[in-house]
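First the structure, in the form of structure tokens, and then the observations on it.
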Amino acid sequence: MIINDSSRLSYAVMTADDAELLFQLDQDPEVMHYINGGKATSRKDIEEIFLPRLQAYTKLSRGWGLWKTLRKQEQSFIGWILVRPVDYFSDKPDYDNLELGWRFCRESWGKGYATEAALHIMQALSAAGNGRRFSAIAVEGNLASIKIMHKLGMKYVKTYTHKDPLGDEEVVYYQVDI
């Protein structure tokens, strides 16, 4: 699957060749604040944890993976959009419900890039028949991410403990049916 450019952004699926971009993004404590309390991700964790997980859920024919997001004009990396089935790393993944997630460089915050990218990718996946429902999670205090969820048309469903092999976390869960 290919995601065409949106008005200001272009997209490509991230691979192990993008390890340095992933590492650099995760070095900003503000970017990592709601992910792990502001701790930078080590190169070892990128190589031994993040990339193997990325490879496990990337399925280009379905549009699953991390979509590298670039400012179209200068082709500069500003972040990524995650697409994978909800509960992918559990014994009951929901293949009809795609999880969206995002992580963007602080310099790009407040400009609508994350919303533009997530909405554009969600629409492209839906048009290709690769998603009937889209969901997102965030820690309750992450008001910027929750605002994006609202802009995507998602509605609050529940607060719950999200189970993940890397650690469980109390989150809010939002969803939209297409």
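One compactness figure for segment 52-127 is 1.15, namely its Cα radius of gyration divided by 2.2 N^0.38 Å. Our note on the geometry: Cα centres of segment 1-59 and segment 130-177, 19 Å apart.
Taking the chain as a Gaussian network of alpha-carbon nodes connected by springs under 10 Å, the highest mean-square fluctuation of the residues Pro52, Pro165, Pro93 belongs to Pro165.
Note the per residue figure in Å³ for the convex hull of the C-alpha positions in segment 1-46. Hull volume over Cα atoms, normalised by residue count, gives 110 Å³. If you take all other residues with their beta carbon under 15 Å from the beta carbon of Glu170, and give Lys and Arg +1 and Asp and Glu -1, the sum is -2.
Convex hull volume of the Cα atoms of the chain, normalised per residue: 112 Å³. Here the residues Asp18, Asp91, ranked from fewest to most Cβ neighbours within 10 Å of their Cβ, fall in the order Asp91, Asp18.
Taking amide hydrogens as placed 1.01 Å from N in the peptide plane, the amide H of Trp102 sits under 5 Å from those of Leu82, each at least 5 positions away in sequence or on another chain. For the chain, a crude dipole built from +1 on the beta carbon of Lys and Arg and -1 on the beta carbon of Asp and Glu, taken about the Cα centre, is about 540 debye to the nearest 20.
DSSP bridge analysis restricted to segment 9-177 gives an antiparallel fraction near 90%, rounded to the nearest 5. Ordering 96-105, 61-70 by mean Cβ neighbour count within 10 Å, with the highest value first, yields 61-70, 96-105.
Every number in this text was worked out from the coordinates using simple rules, so none of it is lab data. Since the model is a prediction, treat every value here as computed from it, not as a measurement. Virtual Cβ from ideal backbone geometry, glycine too; neighbours counted across all protein chains shown.
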